[in-house]
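Engineer: Okay, handing you the structure first.
The values are calculated or read from the model by the stated rules, or taken from the named source; none is laboratory data. Quick caveat, the model's predicted, so the values are computed rather than measured. Because the Cβ atoms are built from the backbone with ideal geometry, glycine has one as well, and the counts that use them run over all protein chains shown.
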Amino acid sequence: MDSLMQLVAVAVLAGSCAGWGTAFCRIARKQPVLPHDPRRCAPWGLIDLALAALLLAVFHALSVLVLRHGCGIDSTQGWERLASRELAVATFAEPLANLAAITLALTLIGLRTAARCRDFGISLRHVPQDLRLGLAAFMMLAPPVYGIQKLLVVWFPYRHPLISMLQQHTEAYVQAAVCFSAVVAAPIVEEFFYRVLWQGWLQDVLSRQASFPQLVFGRPAAPACPPSDSPAPANGGDVEAALQPSPAAEALAILGCAALFAAMHISHGPAPIPLFVLALGLGYVYARTGRVLPCIVVHLLLNGCSLAALLMELRSCAG
């Protein structure tokens, strides 16, 4: 198993070198690393962002109540006081509630603003391309993110509660619940909340002057833009100007969303710093493509590799 992880690490490093080499070559030719895929401006406003945050908080509270009164599990007392089966149920319930909350939030925002799947970064016809892009972006981002994290942990020792939890509870169902939470639910929920909703809104707000009502309630959904590989309409210049943000607006939206994403992990020791770097890369991918699947793939692979390495380390220590 160690040899497998070493092989994966070598493959990721080779892919990272190739990816960054290609990126620097494109920059040297004054070309964008990723081409911009035109899309409609985000039609939602601050009220919709508040709705999404509120639903996440409400569903979390509901999951705590259901666990306490329906299953007899008090998840607020800390994982140290829970039996393994109770811990697995509690660990599975929270991400399930988050998935339900973000799904309901996107549905309600879509109904209120007439936003379509493409406005939420979903494009089925780009799935194969997005899977490849996500894998390439993971190979480019993983080495710097892991490297920064490794250095910071040396200077600022921090032990994630997940490590202690998995050390004490080695059952397969606990590991499966943790895997569902970290590798499946977290990438989906966080990418839709931060990249799609927050960064999409910030990019729209920073690209044009918005009145206070537009800032709060959003704008009516614009007509659907043509696919990037189709001929532009006769007045395509106006459409393109409306859909392509300025470089400054794009950069500020990426920075703002990355700072918010990192700040939400402030209790995890030095983790906000490498997570900020990760969020910059994810933000750039989303800003250029307008599609969320590549970001989910990167997030999923990063969390999956971290969890796999942790489980292997725990097994080797136990052996």
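Engineer: Just a yes or no: is a residue in the range 38-59 modelled with pLDDT under 95, surrounded by 15 or more Cβ atoms within 10 Å (Cβ to Cβ) and under 19 Å from the mean Cα position of the chain (by Cα)?
Structural biologist: yes
Engineer: Hey, another quick one. Evaluate the range 67-88: report whether one residue or more is more than 25 Å from ILE163 (Cα to Cα) and modelled with pLDDT of 95 or more.
Structural biologist: There is no residue in the range 67-88 that is more than 25 Å from ILE163 (Cα to Cα) and modelled with pLDDT of 95 or more.
Engineer: Here are some conditions: (1) within 25 Å of VAL58 (Cβ to Cβ); (2) in a helix (DSSP H, G or I); (3) aliphatic (A, V, I, L, M). ILE122 meets all but one. Which one does it not meet?
Structural biologist: It fails just one condition, (2).
Engineer: May I pose another question? If I go through the range 249-278 residue by residue, how many of them are under 17 Å from VAL196 (Cα atoms), surrounded by fewer than 21 Cβ atoms within 10 Å (Cβ to Cβ) and either free of Cβ contacts under 8 Å to residues at least 40 places away in the same chain or among the small types (Gly, Ala, Ser) (or both)?
Structural biologist: 8
Engineer: Say whether the condition of being surrounded by fewer than 14 Cβ atoms within 10 Å (Cβ to Cβ), touching a helix residue (DSSP H, G or I) at 6+ places or on another chain (Cβ under 7 Å), more than 26 Å from LEU302 (Cα to Cα) and free of Cβ contacts under 8 Å to residues at least 40 places away in the same chain is met by at least one residue in the range 72-92.
Structural biologist: Yes, there is a match, as at least one residue in the range 72-92 is surrounded by fewer than 14 Cβ atoms within 10 Å (Cβ to Cβ), touching a helix residue (DSSP H, G or I) at 6+ places or on another chain (Cβ under 7 Å), more than 26 Å from LEU302 (Cα to Cα) and free of Cβ contacts under 8 Å to residues at least 40 places away in the same chain.
Engineer: Given the criterion within 30 Å of LEU96 (Cβ to Cβ) and without any contact (Cβ under 8 Å) to a residue 60 or more places away in the chain, identify the matching residue among ALA50, ALA28.
Structural biologist: ALA50
Engineer: Helices (runs of 4 or more DSSP H) wholly in the range 170-285 with at least 3 residues that are at pLDDT 95 or above and in contact with a Pro (Cβ under 6 Å, 6 or more places away or on another chain) - which ones?
Structural biologist: Details: elements: 172-179, 186-190, 200-207, 212-217, 236-243, 247-263.
The helices (runs of 4 or more DSSP H) meeting that bar number zero.
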